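As structure tokens, the structure follows; a few thoughts come after it.
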Amino acid sequence: MDQTKIGGFISERRRANGWTQNQLAEMLGITNKAVSKWETGRSMPDLSLFPQLCNLLGITLNELFAGECIPEGNLREKTDEVLLEVITNWLGHNQWDEDVPPAAENALEVCGVSKVYGSGDAPTQAVKNVSFQIPRGSFTGIMGASGCGKTTLLHLIATIDKPTGGTVRISGRDVTALSESEAARFRREHLGFVFQEYNLLDTLTIYENIALALTVKAAPKDTIRKTVLDVSEKLGISSVLDQFPYEVSGGQRQRCACARALAADPDILLADEPTGALDSQAARQLLDTFSMLSREYGVTILMVTHDVLSASCCDRIFFMQDGEIRTSMSRNQENRQAFFAGILEKMAWMEEENRDVR
């Protein structure tokens, strides 16, 4: 069975009935998060929900598991009752567990990465032997002052620049070994970007800006529309899809940039100072959106920032200074306020150590 195809079929039938994910979830007595996971192919409905779901969507179990409508007379000998029995015997009464994450799967692995500019007597080492891993579905930050090397490191991870030494693996693939044309294709198909400046095209509507990422990938037209509507609903910008970037607020423009980055279903979302051009309220909304995307939809996010407030929204923070990762902090079960205070203490400790060295 193709879970992605099944998820797309559920989404298609839901929309055909004019329902939102919230409305379908309410009718089934489940959470909106569960419906979203079905429709993105990351989990399957509980066995007990199959009959009710099929009844609501106006399909048979055969059609659900085929991921498409079946013309009358085709495969009708496989009745719903037999199919349900086969599934029960195959899976037992413990069906797909949507809350079990992949075992030890990292979206990003950085190993011994260095970057040296120039040569001769005065080379500049911007990044020095950096190593870390980011689990899939986490929200991770790299924090440091201007000039510490964090943006250079992000460019190395993003295949925009090549490291002098070390390796970068994204979803298990060594991207440092890619040619320029292979790297360009990899960025297009596997990475999403959110920058401080929105990088939207003012001559295109919000809808068209989001759709552009899929058009470049030559996605089918019907798939483009469905994806744009889905991601816009998640990010709360459905009401402004027909407007131009200059007609909406800064926060809405940045959420449009996020939607464009997410539309292509990237392995990792890379954000470079994404709140830098936003007021405090819009910045808070964007950070809350990042947290929601990671927590509820399993999006892997790596954010570069110098702002403590932004950093406090992450699951983990790496502190960078003079091209090196000096230390790190994990949020664990701490609330945001406690994590914020811990970041300030860690920064004070780093500054104290730096003074002692001098």
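So, counting K/R as plus one and D/E as minus one, what does the shell of residues with Cβ under 13 Å around Arg326 add up to? It would help to have the intermediate numbers written out before the result.
Values: positive: Lys128, Lys150, Lys346; negative: Asp322, Glu324, Glu351, Glu352, Glu353.
Here the count lands on -2.
Quick one: net charge around Ala218, please, counting Lys, Arg +1 and Asp, Glu -1 for every other residue with C-beta under 14 Å from its C-beta.
Details: positive: Arg185, Arg188, Lys217, Lys221; negative: Glu189, Asp222.
So the environment of Ala218 carries a net charge of +2.
Mind checking the angle between helix 3-16 and the chain's longest principal axis? C-alpha axes, 0 to 90 degrees, to the nearest 10.
70 degrees
From Cα pairs below 8 angstrom and at least 6 apart in sequence, can you work out the relative contact order of the range 195-284, rounded to a whole percent?
Worked out over the range 195-284, it gives 44 percent.
Please give the per residue volume of the convex hull enclosing the alpha carbon atoms of the chain, rounded to a whole number of Å³.
Details: hull volume 60.4 nm³, N = 358.
Each residue corresponds to 169 Å³ of Cα convex hull volume.
Quickly rank 308-321, 224-237, 190-203 as a protection proxy: mean count of other C-beta atoms within 10 Å, highest first. Write down the numbers at each step before the final one.
Values: 308-321: 22.1, 224-237: 19.6, 190-203: 17.0.
Packing order, densest peptide first, comes out as 308-321, 224-237, 190-203.
With runs of 4+ DSSP H residues as the only contributors, calculate the mean residue ellipticity of the chain at 222 nm using -39,500 (n - 2.57) per run, divided by the residue total and rounded to the nearest 500. Each step should come with its number before you reach the end.
Details: 14 runs with 159 residues, N = 358.
Here the helix-only value at 222 nm equals -13500 deg cm²/dmol.
Could you work out how much longer the chain between Glu180 and Glu26 gets when fully extended? Use 0.36 nm per residue separation minus the Cα distance between them, nm to one decimal.
Working: separation 154, 0.36 × 154 = 55.44 nm, distance 4.84 nm.
Roughly 50.6 nm would be gained on extension.
Of Lys221, Lys37, how do they rank once you tally other Cβ atoms within 10 Å and put the fewest first?
Values: Lys221 10, Lys37 22.
Ordered by Cβ neighbours within 10 Å, fewest first: Lys221, Lys37.
Would you calculate the separation in nanometres between label points at Cys111 and Phe244, each defined as 7 Å from the Cα along the Cα-to-beta-carbon direction?
5.0 nm
Remind me, relative contact order of the chain in percent, using alpha carbon pairs under 8 angstrom and six or more residues apart? Each step should come with its number before you reach the end.
Numbers: 553 pairs, mean separation 62.3, N = 358.
Here the relative contact order equals 17 percent.
Can you tell me what share of the DSSP beta bridges in the range 106-357 is antiparallel? A percent to the nearest 5 is fine.
Values: 21 of 39 bridges.
Just about 55 percent of them are antiparallel.
Could you give me the ³J(HN,Hα) list for the range 179-191, computed from phi with Karplus coefficients 6.51, -1.76, 1.60 and θ = phi - 60°, whole Hz, x at Gly and Pro?
6, 4, 5, 5, 5, 4, 5, 4, 4, 5, 9, 10, 10
Quick one: how many lysine pairs in the chain have C-alpha atoms under 26 angstrom apart, if they're 8 or more apart or on different chains?
Eligible lysine pairs with Cα atoms under 26 Å apart amount to 27.
Please give, to one decimal in nm, the separation of the simple spin-label points placed at Thr164 and Gln52, each 7 Å out from Cα toward the Cβ.
In this crude spin-label approximation the distance works out to 6.2 nm.
So how do 146-156, 115-125 stack up, highest first, on mean other-Cβ count within 10 Å?
In descending order of packing, they fall as 146-156, 115-125.
Here, each number is a calculation from the coordinates, and none is a lab measurement. The structure displayed is predicted, hence computed values, not measured ones. Cβ: placed from backbone, ideal geometry, glycine included. Neighbour counts: every protein chain shown.
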